[in-house]
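Derivation of every value follows stated rules applied to the coordinates shown; laboratory data play no part. Remember, it's a predicted structure, so these values are computed and weren't measured experimentally. Using ideal geometry, Cβ is built from the backbone for each residue, glycine included, and neighbour counts are taken over all protein chains shown.
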There are 2 protein chains.
Amino acid sequence: MTYPFFKPLRIIESSAFIAAPLAGLALAQFGADVIRIDMIGGGIDYGRMPRMPHHEGRGRSLYWTALNKGKRSVAIDLRTPEGRELIQALVTAPGPEAGVLLTNIGTPWLRHDLLASRRSDVITCTIQGNGDGSTAVDYTVNCATGYPAVTGGGSPEKPVNHVLPAWDIACAYQAAFAVAAAVDHRRRLGAGAELKLALSDMAFSTLSHLGLLAEAELLQQDRPSIGNHLYGAFGRDFGTVDGIRIMVAAISSGQWKALVRCCDLGESVAALQARMDLDFSDEAQRFEGRNAIADLIEPWFARRSLREAAMALDEHKVCWGQYRTVTDLLANDPRVNLTNPVFERMVTPGIGEHLSAGATVRASTMERKPTKPAPWLGTHTDEVLSEVLSLGSAEIGRLHDAGVVAGPELDPTAS
Amino acid sequence: MTYPFFKPLRIIESSAFIAAPLAGLALAQFGADVIRIDMIGGGIDYGRMPRMPHHEGRGRSLYWTALNKGKRSVAIDLRTPEGRELIQALVTAPGPEAGVLLTNIGTPWLRHDLLASRRSDVITCTIQGNGDGSTAVDYTVNCATGYPAVTGGGSPEKPVNHVLPAWDIACAYQAAFAVAAAVDHRRRLGAGAELKLALSDMAFSTLSHLGLLAEAELLQQDRPSIGNHLYGAFGRDFGTVDGIRIMVAAISSGQWKALVRCCDLGESVAALQARMDLDFSDEAQRFEGRNAIADLIEPWFARRSLREAAMALDEHKVCWGQYRTVTDLLANDPRVNLTNPVFERMVTPGIGEHLSAGATVRASTMERKPTKPAPWLGTHTDEVLSEVLSLGSAEIGRLHDAGVVAGPELDPTAS
């Protein structure tokens, strides 16, 4: 679903992979007209896994189509001066709702000063690997954050990578936010903005914002490696008698009291506190006593089925969740289907019909519309050249003949 | 550092923990006047670990102060009708730059319709656990995403939690973005907005946006558990002779060629491709051959020191990074110190001087100012009541006497 917050703001997106396309998706789901520019034949992320199976050649990417729904697609030969000129013209086209570039392609011909010489109030948002322009990706940034050294019982010598590209995702929404802020600022004061955002800065500033950097500097300490325990309070996973894992969190004192009541542990917790000389009403002391607390709780889960445990946990308002795989989530979690207004059914060309998430934010006061599926590459080339640059059909035909632009690829599954 | 994009937009933040406070921080670092309201004595996150050591009682939280820098602090007794009336009045105060609430406290007295009856164009952004208003935290949402079932060689029976509160972080920037979009929309069209954002929707919509949900539905498959390998191309960690772990990524074909050249593996890679009947110029086939490729690369690292490996990797423009702990990062990584304009030194009351991250986005065309440190709780109570609500000193005195509001706590370390 999309909401018309930004309608009719136009964003030109020249991008690849996750951070910039996901930022563009957030803007599109809030009503912006996001025009993604790609190399003819597709950029370096166009075939990224997972892909649909296909009897010859490769099937369409579920990754690319997921990140580019709700956008228009223009295919241009980025290597030619004429192709680059077209993109510059698209970015710097006149009008209060135009003049915004979102990119992670750090090419000289998309430099801010070059575009600003054509449109002084242009807004450019460039996502980089490192702030000096050098390459970095989520995985080569994450390794430096210290998280793999403490994930899953890992150590600096045996680091454990997490699987979620968390820094790309954070970068995406940070970039979308920065673009929205710059648009608001331009609306009030008329000034453009050159925005740069490095993936590594995203990661390292998060370490500051969560207190880990000050902890390292002032207390000279790194976080301990504590497996599935949560840091700073009490929480861990437990197994039921029917082999299901459940995550339990007792961060607030209300959550802690609920857990103790649910598992009927009042007396044994009191005895444990006395023995350890700790007060578990204080979250830090719960954290200190976490292993002994977990030992008390473990048998409660081990004697119950998921169904029995879930009923009791819900009855006592314990904060908990069930571990799932994605197929299990999709099949069994009531939060991931059409009863949740965030989700919708979608038919993506070359892929078929599937469940898809619209805007994550729900705006109850505003009309929402279905998200359009990701187009075939180049579907909107002619339409955009005509609409934004006012090119006539003869000129557009010439660009096609010269190989500077391309229209929609044929659906290989249709033949 | 902060940039004056939103100056003088005013946000009233009634919050706890990470997602809402981090959204407020992003807005504050872009120039908004973010006024955080807390219970007198501090909300449930005020003492969250890590804390400074203190000879009696507890030291100040490095977590709370990190998330609340750049904001003003007002302390109000949230349990009293008069205190709640004050907060409603702060949210609905007149003026084009006022009338925005950011919260994750789902209390009836902060309901949108109640506030909208006092100011029809009010913007409220409420972060929830689940969309139905039930409780969920990062840990109890993450378990359902499928990631712990494939992290670090984990399985559904032995899930591995990642340590980074990634959904809280994504939620924060998504919320900041939604607020900025709604402000822009209100500026153009005069309408307010009721924004709701559930942590679980943030996680599950990400599964859609990255293609995992369609993969589960259309291909009936879950991602494999592949340890430190990256999915869909080639990348893994390797160890040097001096015991350092290094992450290498070869996602694009340029990165793959660079890696093969750097490790001088042209011939053995060609032989491996022939033997396995795979073409590693295709990322999916690199992924298929990942274990055999890693076996070829491992000895190259095992024979070199970090210094030797780093020189060769940089010379060949391989995409790589070093695993670190946070203390190691702070001591040795040139991206985390004052040569990086994202960072600044800061003196936080009750904590001392430390490195701190300003706005992650750099706006080269705009003047930036140092971020103000997190205040003591209640530092701005009187100032805000006077400035925003035009209360006189007699009335403010009466509110203090009645225990409805409180001024700054005394610095316990100063006595």
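Determine the distance separating the Cα centre of the range A:22-96 from the Cα centre of the range B:344-415; give it in Å without decimals.
For the range A:22-96 versus the range B:344-415, the Cα centre distance is 45 Å.
Take the Cβ-Cβ distance between B:Ala394 and B:Thr80 as r, set R0 to 22 Å, and report the resulting FRET efficiency rounded to the nearest 0.05.
Working: r = 19 Å, r/R0 = 0.88.
Approximately 0.70, to the nearest 0.05.
What does the charge add up to near B:Cys262, with Lys and Arg as +1, Asp and Glu as -1, over the other residues with Cβ less than 13 Å from its Cβ? Walk me through the numbers on the way to the answer.
Values: positive: B:Lys257, B:Arg261, B:Arg304, B:Lys317; negative: B:Asp264, B:Glu308, B:Asp314, B:Glu315.
Net charge around B:Cys262: 0.
Please give the charge dipole size of chain A, origin at the Cα centre, charges +1 on K and R Cβ atoms and -1 on D and E Cβ atoms. Round to the nearest 20 debye. Let's see the in-between values first.
Values: 40 positive and 47 negative charges, 135 e Å.
In debye, rounded to 20, chain A gives about 640.
Over 10 Å intervals from 0, what percent of Cα-Cα pairs in the range A:1-128 sits in each interval?
13, 43, 33, 10, 2, 0
Return the lysines within reach of A:Lys196: Cα separation strictly under 18 angstrom, same-chain partners fewer than 8 residues apart disregarded; answer none if there are no such residues.
B:Lys369
Tell me the distances, shortest first, between B:Lys372 and the same position across the other copies, using label points 7 Å along Cα→Cβ, in nm to one decimal.
Ordered by distance, the counterparts are at 4.6 nm.
Once the other residues with Cβ under 10 Å from the Cβ of A:Asp222 are scored (Lys, Arg +1; Asp, Glu -1), what is the net sum?
Values: positive: A:Arg223, B:Arg324; negative: A:Glu215, B:Asp328.
Counting the neighbours of A:Asp222, the net charge comes to 0.
What GluC sites (Glu not before Pro) does the range B:322-415 have in DSSP loop regions with at most 14 other beta carbons within 10 Å? Spell out each step's value before the answer.
On the way: sites: B:Glu344, B:Glu353, B:Glu367, B:Glu383, B:Glu387, B:Glu395, B:Glu409; in loops: B:Glu367, B:Glu409.
Answer by residue number: B:Glu367.
Could you state the angle between the C-alpha long axis of helix A:199-209 and the longest principal axis of the C-alpha atoms of chain A, as a value from 0 to 90 degrees rounded to the nearest 10?
Here the helix axis deviates by roughly 40 degrees.
Can you give the local net charge around B:Leu199? Use residues other than it whose beta-carbon is closer than 10 angstrom to its beta-carbon, Lys and Arg +1, Asp and Glu -1. Intermediate results must be reported in sequence, preceding the final value.
Values: positive: none; negative: B:Asp138, B:Asp168, B:Asp201.
Once all neighbours under 10 Å are counted, the net charge is -3.
What nm distances, shortest first, do you get from the label point of A:Gly153 to those in the other copies when the point sits 7 angstrom along Cα to Cβ?
1.0
Please give every one of the aspartates and glutamates within straight-line cross-link reach of B:Lys372, meaning a C-alpha to C-alpha distance under 16 Å, and leave out same-chain neighbours fewer than 8 residues apart.
Excluding near neighbours in sequence, the set is B:Asp33, B:Glu344, B:Glu353.
Mind checking which lysines have their Cα closer than 23 Å to the Cα of B:Lys158? Skip sequence neighbours fewer than 8 apart in that chain.
A:Lys158
Charges at C-beta only: +1 for Lys and Arg, -1 for Asp and Glu. How large is the resulting dipole of the range A:245-322 about its Cα centre, in Debye rounded to 20? Walk me through the intermediate numbers first.
Details: 10 positive and 12 negative charges, 64 e Å.
The dipole of the range A:245-322 has a size of about 300 debye.
Obtain the radius of gyration and the Kirkwood radius of chain B from its C-alpha atoms and give Rg over Rh.
On the way: Rg = 25.7 Å, Rh = 24.5 Å.
With Rh from the inverse mean 1/r over Cα pairs, Rg/Rh is 1.05.
Measure nothing but the geometry: give the 0 to 90° angle between the long axis through the Cα atoms of A:266-276 and the longest principal axis through the Cα atoms of chain A, rounded to 10°.
So the helix axis and the longest Cα principal axis differ by about 90 degrees.
Out of B:Gln255, B:Gln88, B:Gln29, any idea which swings most in a Gaussian network model of chain B, alpha carbons joined below 10 Å?
Of B:Gln255, B:Gln88, B:Gln29, the Gaussian network model singles out B:Gln255 as fluctuating most.
Say the cut-off is 21 Å between C-alpha atoms; which of A:Lys317/B:Lys71; B:Lys7/B:Lys71; A:Lys71/B:Lys317 go over it? Don't jump to the answer; show the numbers that get you there.
Values: A:Lys317/B:Lys71 33 Å; B:Lys7/B:Lys71 13 Å; A:Lys71/B:Lys317 33 Å.
Going by Cα-Cα distance, A:Lys317/B:Lys71; A:Lys71/B:Lys317 fall outside the 21 Å limit.
Over all directions, how big on average is the projection of the convex hull of the alpha-carbon atoms in the protein assembly as shown, in square nanometres? Before the final figure, lay out the partial values.
Working: hull surface 139.6 nm².
The number I arrive at for the protein assembly as shown is 34.9 nm².
With just the Cα atoms of the range A:245-322, tell me how far they stretch along each of the three principal axes, in Å, largest first.
36, 23, 19
In the range A:245-322, if the dipole is taken from +1 on Lys/Arg beta carbons and -1 on Asp/Glu beta carbons about the Cα centre, which of A:Val318, A:Val248, A:Leu306 is farthest to the positive end?
The residue sitting most towards the positive pole is A:Leu306.
Antiparallel as a % of all DSSP beta bridges within chain B, to the nearest 5? Walk me through the numbers before you get to the answer.
Values: 20 of 43 bridges.
If we restrict to bridges inside chain B, about 45 percent are antiparallel.
Name the most mobile residue of A:Arg324, A:Arg307, A:Arg111, meaning the one with the largest mean-square fluctuation, in a Gaussian network model of chain A with Cα contacts below 10 Å.
A:Arg307
Just to confirm the number: angle between the C-alpha axis of helix A:81-91 and the first principal axis of chain A, 0 to 90 degrees, nearest 10?
60 degrees
Quick one: with label points 7 Å out along Cα→Cβ, list the inter-copy distances for B:Pro108 in nm, shortest first?
Taking the point 7 Å beyond Cα along Cα→Cβ, the inter-copy spacings are 6.7 nm.
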